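**Student:** Just dropping this structure here.
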Amino acid sequence: QVQLVESGGGLVQAGGSLRLSCVASGSIFGAGAVAWYRQAQGKQRELVARITRPGSTNYADSVKGRFTISRDNAKNTVHLQMNSLKPEDTAVYYCNAWLVAGFYWGQGTQVTVSS
């Protein structure tokens, strides 16, 4: 079964840090980008960060300087290091990726930042 599995979410106080992981199983990363999105309750899903296979990155303005996306192609894993978290970062975080088997979304991991 091909899937992307996110982990690392949880409850953290404002100013704290979390590290999210997205692991591909059943297939491997293709030539395309991997991205993290988030969806807060009652809001549309938005792009948080994106990384190409060679390692070029781009970030939403709201997370620049606080979040860092990285990938390990050999391990089919992408991480999202989130520092200086704010209550407005509270959301379900999803990864998506072009795998050799096709384009996939993960099931999401909840991040809650308390004030």
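**Student:** Quick test of your reading of the structure: residue 65 fulfils all but one of (1) surrounded by 15 or more Cβ atoms within 10 Å (Cβ to Cβ); (2) closer than 21 Å to residue 113 by Cβ; (3) among the small types (Gly, Ala, Ser). Name the failing condition by number.
**Tutor:** (1)
**Student:** In the stretch 53-62, which residue that is at pLDDT 95 or above and part of a loop (DSSP other than H, G, I, E, B) is surrounded by the fewest Cβ atoms within 10 Å (Cβ to Cβ)? Walk me through how you get there before you give the answer.
**Tutor:** At the first step, the residues of the stretch 53-62 found to be at pLDDT 95 or above are 56-62.
Still in the running and part of a loop (DSSP other than H, G, I, E, B): 56, 60-62.
Working: 56: 9, 60: 15, 61: 6, 62: 13.
Applying the filter and picking the extreme gives 61.
**Student:** Given the options 50, 45, 66, name the one that is basic (Lys, Arg) and within 15 Å of residue 110 (Cβ to Cβ). Give the derivation first.
**Tutor:** Working: 50 fails: within 15 Å of residue 110 (Cβ to Cβ); 66 fails: within 15 Å of residue 110 (Cβ to Cβ).
From the options 50, 45, 66, the qualifying one is 45.
**Student:** Look through 41, 81, 107 and report the one residue that is touching an Asp or Glu at 6+ places or on another chain (Cβ under 9 Å) and either open to solvent by 50 Å² or more (accessible area, probe 1.4 Å) or of a type in the set (Gly, Ala, Ser) (or both). Walk me through how you get there before you give the answer.
**Tutor:** On the way: 41 fails: touching an Asp or Glu at 6+ places or on another chain (Cβ under 9 Å); 81 fails: touching an Asp or Glu at 6+ places or on another chain (Cβ under 9 Å).
When all the criteria are applied, what remains is 107.
**Student:** Select from the stretch 63-79 the residues that are modelled with pLDDT of 95 or more and small (Gly, Ala, Ser) and list them in ascending order.
**Tutor:** Within the stretch 63-79, 65, 70 qualify.
**Student:** Which condition does residue 96 not pass, out of (1) under 20 Å from residue 1 (Cα atoms); (2) modelled with pLDDT of 95 or more; (3) open to solvent by 20 Å² or more (accessible area, probe 1.4 Å), if it passes all the others?
**Tutor:** It is condition (3) that residue 96 fails.
**Student:** Of everything in the stretch 68-91, what is touching a residue at least 60 places away in the same chain (Cβ under 8 Å) and within 10 Å of the chain's Cα centre (by Cα)? Give them in sequence order.
**Tutor:** If the condition is that a residue be touching a residue at least 60 places away in the same chain (Cβ under 8 Å) and within 10 Å of the chain's Cα centre (by Cα), then 79, 80, 81, 82 are the ones that fit.
**Student:** What strands (runs of 3 or more DSSP E) completely inside the stretch 1-51 contain at least 2 residues that are touching a residue at least 40 places away in the same chain (Cβ under 8 Å)? I'd like the intermediate steps shown before the answer.
**Tutor:** Details: elements: 3-7, 10-13, 18-25, 29-39, 46-51.
Passing ranges, in order: 3-7, 10-13, 18-25, 29-39.
The values are calculated or read from the model by the stated rules, or taken from the named source; none is laboratory data. Computed from a predicted structure; not experimentally measured. Please note: Cβ atoms are built from the backbone with ideal geometry, for glycine as well, and neighbour counts cover all protein chains shown. We work out accessible area using only protein heavy atoms, side chains counted, and drop any ligands, DNA or RNA first. Shrake-Rupley method; radii C 1.70, N 1.55, O 1.52, S 1.80 Å.
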